[in-house]
1. Within the group B:113, B:137, which residue is in a strand (DSSP E or B) and either assigned by TED's automatic domain parsing to the domain that holds residue B:41 or free of Cβ contacts under 8 Å to residues at least 60 places away in the same chain (or both)?
2. Which of the residues that make up segment B:202-220 are more than 30 Å from residue B:403 (Cα to Cα) and either touching a Gly at 6+ places or on another chain (Cβ under 6 Å) or more than 8 Å from chain A (Cβ to nearest Cβ) (or both)?
3. When you look at residue B:199, is it farther than 21 Å from residue B:21 by Cα, within 14 Å of chain A (Cβ to nearest Cβ) and touching a strand residue (DSSP E or B) at 6+ places or on another chain (Cβ under 8 Å), yes or no?
4. May I ask you to list the residues in segment A:22-34 that are touching a strand residue (DSSP E or B) at 6+ places or on another chain (Cβ under 6 Å) and buried (at least 20 other Cβ atoms within 10 Å of the Cβ)?
5. Does residue B:306 fit the bill of being crowded, with 20+ Cβ neighbours inside 10 Å, in a helix (DSSP H, G or I) and in the same structural domain as residue B:367 (by TED's automatic domain parsing)?
6. Would you check which residues across segment B:23-35 are facing chain A (nearest Cβ under 10 Å) and either more than 19 Å from residue B:139 (Cα to Cα) or without any contact (Cβ under 8 Å) to a residue 24 or more places away in the chain (or both) and list them?
7. For segment B:188-299, please list each of the helices (runs of 4 or more DSSP H) lying entirely inside it that holds at least 3 residues being assigned by TED's automatic domain parsing to the domain that holds residue B:334.
8. Inside segment A:385-399, can you point out the residues that are at pLDDT 95 or above and either outside the structural domain of residue A:339 (by TED's automatic domain parsing) or over 21 Å from residue A:369 (Cβ atoms) (or both)?
There are 2 protein chains.
Amino acid sequence: MKAEVITIGDELLYGQIQDFNSSFISERLTAEGIEVVFKTSVGDDINRIAEAFNIARSRADVIITSGGLGPTSDDLTKKAVVKAFKRNLVFHQEILKQIEDSFHKRGSSMPKINQNQALIPQGAKALSNLWGVAPGIFLEDKETLFFAVPGVPVEMKWMVENEVLPVLRTKKFTGSMGPEHFILHRKLKTTGISESALYEKIEKLIDPTEEIKIAFLPGYLGVDIRLTLETGDRNQAQVKIDEFEQKTREILGIYIYGTDDQTLEGVIGKLLLERKKTIAVAESCTGGLIGARFTNISGSSRYFERGVVTYSNEAKTEFLNVPTEIIEKYGAVSEEVAILMAEGVRRLAKTDYGLSVTGIAGPTGGTPQKPVGLVFIGFAHENDSFAQKFLLGEDRKINRERATQAALNLVRLFLIKQVSE
Amino acid sequence: MKAEVITIGDELLYGQIQDFNSSFISERLTAEGIEVVFKTSVGDDINRIAEAFNIARSRADVIITSGGLGPTSDDLTKKAVVKAFKRNLVFHQEILKQIEDSFHKRGSSMPKINQNQALIPQGAKALSNLWGVAPGIFLEDKETLFFAVPGVPVEMKWMVENEVLPVLRTKKFTGSMGPEHFILHRKLKTTGISESALYEKIEKLIDPTEEIKIAFLPGYLGVDIRLTLETGDRNQAQVKIDEFEQKTREILGIYIYGTDDQTLEGVIGKLLLERKKTIAVAESCTGGLIGARFTNISGSSRYFERGVVTYSNEAKTEFLNVPTEIIEKYGAVSEEVAILMAEGVRRLAKTDYGLSVTGIAGPTGGTPQKPVGLVFIGFAHENDSFAQKFLLGEDRKINRERATQAALNLVRLFLIKQVSE
């Protein structure tokens, strides 16, 4: 079963908007064992959209398009379906009712323009949209399964998970489209180690004749190692990939913080809960990002007690009792201040742990002694406190995110007893 | 002059890697006035790559491909050129010399496998690669200008800027592909109003026969209105698009917070600096996101004094002096507590303004009276304080970001005197 993903919208071709939708859809299809063979982006032009649909029909069994389902005149997906599949649009009273209801639920009445969203191609089925108004479309045309979902990410994601994939799961086994075939992936997520260092450590595991393929996916918060296995037997593949993960973990140890959808903050949250420990955070250059990462996790109130963003020196002194003289002597960005901030927030919040960050995010504020990218991360616990120094890069946004990641990772390493001083 | 961008590599179809290369190339082409009509991603499969090249030849004057130029066996771009354009590969001694030199410069000798990078299609020109080894390719075939650049972003970017665009600039004016032609864009960024409501308000400005095209780009933090004008005269286009923006602003007024690359936090930062005002923030469900947005802006320390993430009720009481009885009587998520939090953080930080958020981000913690998505935003200033109630959705991540956006927007509206109670 081969698939093509088509994303629709001029903005995708101007390069101003990143096409995260097609990645999401591709990833979900791949996880289901459906091979994505092409991705196409096309602008808001009815002829070009119809052309893309026709080309896709000639080379894929499944077509998923995203975008162009809104009520306005630049939303052309349905008109292109009419053209490519030679179907008329049919008005559905029950769809109109659903659209009206979804406006009423929000306490407003349906604008007249949304009426046209109740039109769908003849023979097609409307797909429901939990997060928005525009229904999706599922059309089975000869050997082609065609789905149209909205371009708004939250609507698209829900519809793919809840309306598209369930249909494909049925079709895959009952349809006439070839034997079961899976591509199994596993991501081993690392942080705090470079791509080349990772490569050198696990080079001996990489055998091009092996069934399991290894790819390194570097990002600025860490490198993911992707294992890929194509197979016809899901259980056997699972065993093989588990074994390979085990071998990799034996070499990489603490560098791997999680797999697949696990997040660093999720892993830390679990560790804190298991150990019944609480934490509070004092941030300077990260401006709230560490608190935001901790509280990404539902239920984080059980271990994340509070955070302070002590952007000014006064705040560091008043909130955290960092003495003015220390700030004057060593500077706000220093090991000494990082330690006192961590101790201060721990005392203030009466938590088991205190975490702090102070640094120079840039682009301004650097000196030859203390360049942009210099960051100290402090950590205080019952018996001791310490700080680690990091030298990051020159980009403000990336420095802030990297400092956040490094701070979280330090907590993780402390919790698994891999760092103490 | 129409272009197609083709990115090559299995990883793009697994959805695990974001295709930033095609956005970069599209943006640079668009800025040169070259219309990108399609983007295609294809895996490491010689037949499919050749098919993508042939389809692109039939519908675009310029083709730019990225990826598949490395020395290993899964690098198939040149072989696909052989197939699609029916050209042989020719060995070039001087290219081999350059490749050897670039290894020597790094203090190593050339691995044998890199020899094949000195092969390029007959009649093609090699493009130099400042940051890597693989040369690019420029092939002029009948009416088609074909470029192949590497997939490594830093190599791709340099080669596009320094080798591809200069060729296109010459061709555009001397070639047979039409007169100088620009596409001018402007984005008007709105928040706090739905796509349909925006559409109804400015419907009368939308004239399909007009030169200026309007598109609505909805996201969950707001809707951008994109104006597009294709033209041969850049100055005249600027005037026209300015006029159109003016007409739109007359209707939409305060809903527009900025244009193009402006951010809501940047706009607020400018307003605070102009008025010499400072602000402090007390966050609950947003967990630090508001502080992080404020401090996105370099120089924000001049107006953002501090933030507190009072996740626990104790923190609300201790930091902000919100009386326990009030929390017990009205609940932590209430108008009363939001107001007291804003007043508390303003007093604590001795700033002109205090901003607060308290809400239920979900997925758990909701009740029939106080459902998931209920958020109160409080604001305190010299003379008064108030809170606004918002009913957001069911998704934790989106609720947190929406609450953050709503809080920032409330500050903006206060600063431009559009909200006071």
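The values are calculated or read from the model by the stated rules, or taken from the named source; none is laboratory data. Just so it is clear, the structure is predicted and the values come from calculations on it, not from any experiment. Cβ coordinates were reconstructed from backbone atoms using ideal geometry, including for glycine residues, and neighbour counts include every protein chain displayed.
1. Going through B:113, B:137 in turn, just one is in a strand (DSSP E or B) and either assigned by TED's automatic domain parsing to the domain that holds residue B:41 or free of Cβ contacts under 8 Å to residues at least 60 places away in the same chain (or both): B:137.
2. Matches in segment B:202-220: B:204, B:205, B:207, B:209, B:210, B:211, B:212.
3. Values: farther than 21 Å from residue B:21 by Cα: yes; within 14 Å of chain A (Cβ to nearest Cβ): yes; touching a strand residue (DSSP E or B) at 6+ places or on another chain (Cβ under 8 Å): yes.
Judged against the criteria, residue B:199 is a match.
4. Answer for segment A:22-34, where residues must be touching a strand residue (DSSP E or B) at 6+ places or on another chain (Cβ under 6 Å) and buried (at least 20 other Cβ atoms within 10 Å of the Cβ): A:22, A:25, A:26, A:29, A:30, A:34.
5. No; evaluated as a whole, the condition is false for this residue.
6. So the first thing to find is which residues in segment B:23-35 are facing chain A (nearest Cβ under 10 Å), and the list is B:23-31, B:35.
Within segment B:23-35, B:23, B:24, B:26, B:27, B:28, B:30, B:31, B:35 qualify.
7. Because the criterion is at least 3 residues that are assigned by TED's automatic domain parsing to the domain that holds residue B:334, the helices (runs of 4 or more DSSP H) in segment B:188-299 that meet it are B:264-274, B:289-294.
8. The answer is A:385, A:386.
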